[in-house]
Amino acid sequence: MSYLDPPRLTFVGNFFANVPTLNNFPPYFNPDYPGFGQSGGDWNTNGDCLFQFRNCTVRGATNKDGVNSIDPAVDPVIGKQVTSSPMGPNTIPGMLGGGKLVDLDVDQRRVTGLFGVPISVVLSDNTWVSGTLQSCNMRDFWGANAATSTGAAPMSGVFQSVLRDLQWQGDLSGSPYLTLLKSIADQNGNQISIKMILDNFIINPSDPPNNLVGRVVGVIGPYYVGEPRQFVAERRLTKTFCNPPTLPSYLPPSPPEPDQPVTPTVPDPEKKPKPIKVNPAMFWQAPCRVDSQRKKLIVDMGNSVQFQTTGGESVVNQMWAAIIRAEADHQKGDLQPKLLSTYLDCSKLAYETTGRISEVSLSDDDLELLKDHRLSLLTPDAPTGPDSDRIPPEIPVPPQNPWPVLAEERDGRFVDIDDWIMRLNPGESSSVDLYARRFGKPLAGERLSFTPIDIPSTFVSINIPMNALAGDFPFFVTTDANGHAVVTVTVQKGPIKGLPPSREKVFSQLYQLGDLTGWQSWGQVGPPVPPYLLAWQDFPVDCRCGALSVVVYNEGPSIPNPTWNDVRPMFAHYARMFPAMREMIDLSSEQMVRAYAARISEVIQKPFDDPYYMPATRDLSASHRKLMLDYLQSVISE
């Protein structure tokens, strides 16, 4: 199941993200706004959306049996470069080429997409594998990846997708990892799975070499046709203050000796437990799966355990997995949670050599229990912190015992959407795939609702007007026997009537759809807090809130035989909002636009996920594009 299955390769290095920021502030979309360029949100005026890897190398390779190595003698791919440069004879270097990092919308800036990133694993000049990242969107944004840090440095996010159109160059037989990976890719559409965590992003213009640079930790593994590309549709562990376990679990004081039984201690039931202060900010969601054939539990804690400082050590180095007993077990007097055999390595070293992906051996009894029992992750020491008052008082926490910080939803359910972003024009429709699971298996016949999700903010006016979307709300989908459903959204024809003033000049509207306090909460898709603890001030309103985000572009008038005066406002908008373009062409100049008409026409007609597509911000409406193309064609035909 995607990168969680062996063989896996882990690479570590830096990324460079030259994000533009003038479009962070809705009033800037108004050309007459008097305070243009004076907002504190504009910290990188000349950004061009470029995304690149820097100094990335393979740090570990996991073989078919799940054994990881950091020794190049075991596999020569270890220590080799991973680049964001295309390989092969038909590569086109250029200032506008390379991958692009693009925010979805001015009101949802932490919903960020990657487009057209070439990724190569290079053994030598003549031996490599190279592909293009299929466009994908950031998930599991976390504002507290590091406990002590400032600015953007403590933030992290996950991108998961596939590398497609792979080229396998040279003799790869010397690398057991690449040989096995290629054999799997050959049977699955010549594509492989990749997951990247971006964190430690530094904004420091006074230090140019390190400005706009962060850390990337990536894992590359097999992809199997039929599974989602952008998330693991199996099991998901979420913060327990959202889904508190029915029974706390306990750990031995140290890892057990081999072949020695583990006997957790159960506290005196007559003794009232004292509350333990727990800081929920120390832990985040974790995907996992049960591999019944290999008898392994595979847990990805890459973006789940906080670091003490930016780039520092983990707040905990070990965690334990346990199976939580069900109510039926309690009635039989079986109260003890089932502690699994091996601890999970959460250390910084594990982060940089395995992506913090751990495998735990399972017995036949474990496999049988996991068919209908929940998983939980436990810390060896109970953390403390200022957010302890957010722990619901009904959770019993014995003193001086570890805290179950992550667990599956009470009924083992998890639902999410694969490609959860839509960009639509009036009259258009789009469909996306939804997957529902219960204890890692398809959840059939589940009726799921979609309703507008409003953000309580004086700065954001989304979901207005709702009649721009066709149909009634809420609407529902029901999963089939494979736990799959198709979600379709259709936009009404014609211009959007009734846009809020803040969105008129943006010339589009953002709609967030889902069920925030219902099925989204099962896997914490959106703000990771239950209804009784919902605190929007602790969750950025421009992150993923709805399970589905839809941007609807407005429609302008159709103008036959447009002149420069008709298209000037559109070209001038990009010249003003993205001044980096002026290094190549001043789009506010009629003379320049006419001189480069053929080239401009070419790039705004490229495929949407092409790295050379313009505008790089991917926010041009269909009606404005047509008007610009009609004008450019008239110039070319002169």
Ranked highest first by the average count of other Cβ atoms within 10 Å around their residues, in what order do 366-373, 129-136, 473-480 fall?
129-136, 366-373, 473-480
Give me the number: length gained by fully extending T57 to K505, i.e. 0.36 nm times residue separation minus the C-alpha to C-alpha distance, one decimal in nm.
156.8 nm
Surrounding charge for V82, neighbours by C-beta under 15 angstrom, Lys/Arg +1, Asp/Glu -1, total +4
From the protein chains alone at 1.4 Å, what is the descending order of accessible area for K493, K348, largest first?
K493, K348
For segment 96-197, how big is Rg over Rh, using alpha carbon atoms and the Kirkwood form of Rh?
1.07
Pop a pseudo-label 7 angstrom from the Cα along the beta-carbon direction at both D472 and L629 and give the gap in nm to one decimal.
3.8 nm
Using the Cβ atoms and a cut-off under 15 Å, what net charge is assigned to the surroundings of T62, where Lys and Arg are +1 and Asp and Glu are -1?
-1
How high is the FRET efficiency from A622 to D364, r the C-beta distance, R0 51 Å, rounded to 0.05?
0.35
Using per-residue counts of other Cβ atoms within 10 Å, averaged over each peptide, order 193-200, 118-125 from highest down.
193-200, 118-125
What list of whole percents do you get for P(r) of segment 130-172, with Cα-Cα distances grouped in 10 Å bins up to the one holding the largest distance?
24, 29, 24, 18, 6
Give me the distance in nm between label points sitting 7 Å out from Cα along the Cα-to-Cβ direction at T517 and D65, one decimal.
5.2 nm
Using per-residue counts of other Cβ atoms within 10 Å, averaged over each peptide, order 404-411, 564-571 from highest down.
404-411, 564-571
What full-extension length gain, to one decimal in nm, is calculated for D480 and A73 as 0.36 nm per residue of separation minus the Cα-Cα distance?
141.7 nm
Extension gain A572-E590, at 0.36 nm per residue separation less the Cα-Cα distance, in nm?
5.5 nm
For S173 and Y612, what is the calculated FRET efficiency with R₀ set at 41 Å and r taken between the beta-carbons, to the nearest 0.05?
0.70
Segment 290-329 - charge dipole about Cα centre, Lys and Arg +1 at Cβ, Asp and Glu -1, debye rounded to 20:
180 debye
Rounded to one decimal in nm, the spacing of the 7 Å Cα→Cβ label points at S429 and S183 is 4.4 nm
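The values are calculated or read from the model by the stated rules, or taken from the named source; none is laboratory data. Values in this document were obtained by computation on a predicted structure and should not be read as measured data. Cβ atoms come from the backbone with ideal geometry, glycine included; neighbour counts cover every protein chain shown. Ligands, DNA and RNA are stripped out before the accessible areas are found, and what is left, the full protein with its side chains, is counted by its heavy atoms. Shrake-Rupley method; radii C 1.70, N 1.55, O 1.52, S 1.80 Å.
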